[in-house]
């Protein structure tokens, strides 16, 4: 693997990890909001 290919691979992996992290954070916020709404409704 050339240095250019390795750099491209690292860049893509970093971008994919960032997207995965944002999706995970969104799910956490969603579940937190659902929990707050359900507790407030009781």
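Taking the conditions exactly as written (exposed (fewer than 10 other Cβ atoms within 10 Å of the Cβ) and over 15 Å from the mean Cα position of the chain (by Cα)), does residue 41 satisfy them or not?
Yes: the conditions hold for residue 41.
Between a first residue in segment 2-16 that is without any contact (Cβ under 8 Å) to a residue 12 or more places away in the chain and a second residue that is surrounded by fewer than 10 Cβ atoms within 10 Å (Cβ to Cβ) and assigned to a helix (DSSP H, G or I), which pairs have beta carbons less than 9 Å apart while being 6 or more apart in sequence or on different chains?
Cβ pairs passing all conditions: none.
Read-outs throughout are calculated quantities, based only on the coordinates presented, and are distinct from any laboratory measurement. Since the model is a prediction, treat every value here as computed from it, not as a measurement. In this analysis, Cβ positions are derived from the backbone assuming ideal geometry, glycine residues included, and neighbour counts consider all displayed protein chains.
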